[in-house]
Amino acid sequence: MDSAAMSQLVGHVTFSTDTMRGVEHGMLAAAPGAGAGRFWSGRHAVVGLRAARAPAAGRPDRPGLVAALLGRCAAGPGTLTDDPDTVLDACADGPDTLPGSLDGDYALAVWDESRRQLTLVRDALGTRPLYYHRTDDGVVFASCLAALLAHPRVPVRLGLDGLRQALAGIAVPGATPYEGVREVPAGHAVRFGRDGVSWRRHWRPDASAGHTDDLATTVRRTRELLERAVERRTGDGPVAALVSGGLDSSTLAALHARHRSGPITTFAVDYPGYEDGYEPHIARPDPDTPYVRDMVAHLGARHTDVLLKPADLTGGELWETLVGLIEAPTVLADVEPSMLLLYRRVAEASGAVLGGEGADELFGGFPWFHHPQWATAPGFPWAPTTDLVVGTLFGRASAALDVPGFRDQEYRRAVAEFAGDPHTDRMRLVIQLFLTRFLPEQLERAHRFGAATGLDVRTPFCDRALVDYVFAVPWAVHTADGREKTLLRAAARDLLPASVRGRRKSGYPLTRDAAYDHTLRTAVRRLCADPGEPVHPLLDDRAVDAPRLSRNEMELALRLNGWLKRRRLQVPSSIV
């Protein structure tokens, strides 16, 4: 397996004039990751991939069509492939019907040379990113913002909504931090041509057909769909698995192991002394290590614990890399240093890994689902937590930017997309909110870190057939035994040791070493003391010594400052 496969997609097209030549190489060079570029060039378009396969073109049965595929897809239930000819096969009636029968984890571009039309498509949940900028006579597009911004016709201008989005802690479909730069929303196809642009939504969460299966049938069908989702993403070569000792990752690893002739390769992140004096928290009730040991022994896996010390997490090289990888700053920045180091270690052993992204959103695993003050109150259930973890250092900036008003506006948009009754079917709406406004940031980070390390992160819980089925399941089934993730727990019951099967939801582990927080606070204190730092207008320097200053907001301040500096962006001082 080519470790650079699926890493980046770039291109630019014009509808009337000849397209520029050579800029695509600079675009690909600006994108994180390594590997050679493969390009198709015509008079009006250049399409390039840093991947194992070149764009597909020149077929007699599809004259004038060029297809570039980032990720993997299939026309039907078979194993997913990175062959762009699969995309051309789906164009039997022309690109206007894309994605047609295509299913999988992908972003794709199809250029119709004869009609001078460009079609960009993302899969149902948006497991692969895709951005674009419309020029006077064409479109520039790329799978990462760094590549897009490297094109000379794409301006680099900060939009205030980008800052609002970061502080609001929500993903806004189609939005980016930059003015004039848009994202192809998940589940959409966008066509550009001389006559303008047209949008088509090819997928949305929909439970209108109802759910008539009884509990036993629902559990059995969920298990079948999970098995198929894992098989489709592991049938083309060695694939490792991340194992945290939790329900999600353990289920994927166990299903993967059932179809391998030998032991699978697994990885977990850990910290020295993490179990010593552990204090339970609502998000992390217990440490991972005992459950990881049980699961690894149960599987007979070849396992590696990636042990991280505070010095590993604060090294200058790591922070420079993290800043360089930022597409848009996010509130949940505290997981990123350890996650990038974990991905690096996995990439040394495998070109692909199973990730559990999507499980908590789809099966209702987060604590926000199970506490009425969050789940039933109007608004995004995680919003009060976001305000709590960034409100000390960024409180004045949030008020000046009217982040609450921005978030309320986006909440109304999100509710308007819901096909059911938002009052009588509140919990299904909550699942949709998590799938469309929370999960996208987790998927974008997984792809971004994977591309930078040469690791293909595969996400079976984002399988479209699985999502379609589970989304229609009534909430009462999801909590039938009074616990979170009743359905997933039942579907995986025979796959897991008793300890893992009975474990409560526990979030991604973070170092508990006080030295790490001390390092962060010292760095943030320097930012607050220097009006010349670009993030300074957003910070309340009176709060830097507050005991409630969270790690999230310290990480966000440091990463946001590095991003603003790297992109030479200026925050208007008038906002505070």
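The values are calculated or read from the model by the stated rules, or taken from the named source; none is laboratory data. All values reported here derive from a predicted model rather than from experimental measurement. In this analysis, Cβ positions are derived from the backbone assuming ideal geometry, glycine residues included, and neighbour counts consider all displayed protein chains. We work out accessible area using only protein heavy atoms, side chains counted, and drop any ligands, DNA or RNA first. Shrake-Rupley method; radii C 1.70, N 1.55, O 1.52, S 1.80 Å.
The table for this structure:
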| item | result |
| --- | --- |
| Antiparallel bridges, percent of DSSP beta bridges restricted to the chain (to nearest 5) | 80 |
| Gyration tensor (alpha-carbon) shape descriptor, segment 198-243, a/c threshold 1.5 | oblate |
| Accessible area per residue in Å² at 1.4 Å probe, computed on the chain | 37 |
| Potential extension, PHE39-ALA283 segment - 0.36 nm per residue separation minus Cα distance | 83.3 nm |
| Candidate lysines for bridging to LYS485, where Cα separation is under 23 Å - those fewer than 8 sequence places away on the same chain excluded | LYS505 |
| Whole-angstrom gap from segment 21-76 to segment 300-334, using each part's C-alpha centre | 30 |
| Pair THR79, ASP494: separation of 7 Å Cα→Cβ label points (nm) | 2.5 |
| Shape category assigned to segment 107-162 from the gyration tensor of Cα positions, a/c cut at 1.5 | oblate |
| Chain lengthening between GLU320 and MET427 when straightened (0.36 nm per residue, less Cα-Cα) | 34.4 nm |
| Difference of contour (0.36 nm per residue) and Cα-Cα distance, ARG200 to LYS309 | 34.5 nm |
| As computed over segment 254-354, the Cα convex hull volume per residue (Å³) | 140 |
| Derived scalar couplings ³J(HN,Hα) [segment 482-487; Karplus, 6.51 cos²θ - 1.76 cosθ + 1.60; whole Hz; x for Gly, Pro] | x, 10, 6, 6, 3, 5 |
| Residue (of THR424, THR486, THR453) at the positive-pole extreme of segment 409-530, dipole from beta-carbon charges | THR486 |
| Cα-based Rg of the chain normalised by 2.2 N^0.38 Å, two decimals | 0.94 |
| Net dipole in debye of segment 258-354 [+1 Lys, Arg Cβ; -1 Asp, Glu Cβ; about Cα centre; nearest 20] | 580 |
| Only Lys, Arg (+1) and Asp, Glu (-1) charged, at Cβ; segment 1-61 dipole about Cα centre in debye | 60 |
| Label-point gap, in nm, between ARG525 and HIS211 - each point 7 angstrom along Cα→Cβ | 5.2 |
| Within the chain: Cβ-based charge dipole about Cα centre, in debye rounded to nearest 20 (Lys, Arg +1; Asp, Glu -1) | 420 |
| With every protein chain in place, the chain: carbon and sulfur % of accessible area (1.4 Å) | 50 |
| Accessible area of ASP213 in the full protein assembly, 1.4 Å probe (Å², nearest 10) | 60 |
| Debye intensity ratio I(q)/I(0), log10, segment 6-48, q values 0.24 Å⁻¹ (C-alpha model) | -0.78 |
| Top positive-direction residue, dipole computed over the chain with Cβ charges, set ALA347, THR218, VAL140 | VAL140 |
